[in-house]
Amino acid sequence: AMPSVATYVADYDDPVHAKAVVDLLDGYARDPYGNSGPLPDEVYASLCPTLAKTPGAFSVVATVDGVAAGLINCFQGFSTFKCKPLINVHDVFVHPDHRRAGLVQAMMAVVEDVAKERGACKLTLEVLSNNAPAKGSYAKFGFKNYELDPAQGHAEFWEKTFR
């Protein structure tokens, strides 16, 4: 039989949901496209209580035959040009055993529903330029590289970390 895929918006106060979120994020952290190492113990312990207190944060989990297998973490931002909320898709992870099975598309559909319920004007995300499978999945869902005017070039994502 075909595996049964389901999705839900995580309740950070529900221990089962919270464990799924941190276990999947830990899987992502260990992935070569993630952080290439496990989540620190203090992050593992405090992630969901902190997300619960973060305005606009939400997580979508996908399960395969009842087992948590995919995660998207999102944060609400704001588009000044549109004067409306936007949703940033911050983390996207599918367990290696369940890739190429439509989990990202199923989770993104839930993300889009939440975004539209909140009156958001768009979804945004960052993707590593060499992560072809992810780029293909995002393009299939309707994402494209961001540019206001092609003559000015496309957007780049920069960071300055604090010690």
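The values are calculated or read from the model by the stated rules, or taken from the named source; none is laboratory data. Bear in mind the structure is a predicted one, so any value in this text is a computation, not a measurement. Note that we place each Cβ from the backbone using ideal geometry, even for glycine, and neighbour counts take in every protein chain shown. Note: accessible area is taken over every heavy atom of the protein model, side chains too, but ligands, DNA and RNA are not part of it. Shrake-Rupley method; radii C 1.70, N 1.55, O 1.52, S 1.80 Å.
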- Note on the structure: With region 1-126 reduced to its Cα atoms and the Debye formula applied, log10 I(q)/I(0) at q = 0.14, 0.22 1/Å amounts to -0.60, -1.34
- Task: May I ask what percent, to the nearest 5, of DSSP beta bridges between residues of region 36-163 are antiparallel?
- Result: 85 percent
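What's the FRET efficiency of V114 with H154 using the Cβ-Cβ distance as r and R₀ = 41 Å, to the nearest 0.05?
Details: r = 27 Å, r/R0 = 0.65.
According to the calculation, E is roughly 0.95.
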- Item | Separation between Cα centres of region 93-163 and region 1-51, rounded to whole Å | 18 Å
- Query: Hey, what angle do you get for helix 103-117 against the long axis of the chain, alpha-carbon based, 0 to 90 degrees rounded to 10?
  - Reply: 60 degrees
- Message: Using a 1.4 Å probe on the protein heavy atoms, what percent of the accessible area of region 119-163 belongs to carbon and sulfur?
- Response: 55 percent
- Query: How far apart, in nm, are two points set 7 Å out from the Cα along the Cα-to-Cβ line at Y44 and at N131?
  - Reply: 2.2 nm
- Query: Which whole-number percent gives the relative contact order of the chain, counting Cα pairs below 8 Å spaced six or more residues apart?
  - Reply: 19 percent
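Given the DSSP H assignment, sum -39500 (n - 2.57) over each helix run of at least 4 residues in the chain and divide by its residue total; what's the result at 222 nm in deg cm²/dmol, nearest 500?
Calculated at 222 nm, the ellipticity per residue is -10500 deg cm²/dmol.
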- Query: Using Cα atoms only, what is the angle between the long axis of helix 15-30 and the major principal axis of the chain, expressed in degrees (0 to 90) to the nearest 10?
  - Reply: 60 degrees
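How would F93, F143 line up by accessible area, probe 1.4 Å, largest first? The partial results should precede the final answer.
Numbers: F93 15, F143 40 Å².
The ordering from most to least exposed comes out as F143, F93.
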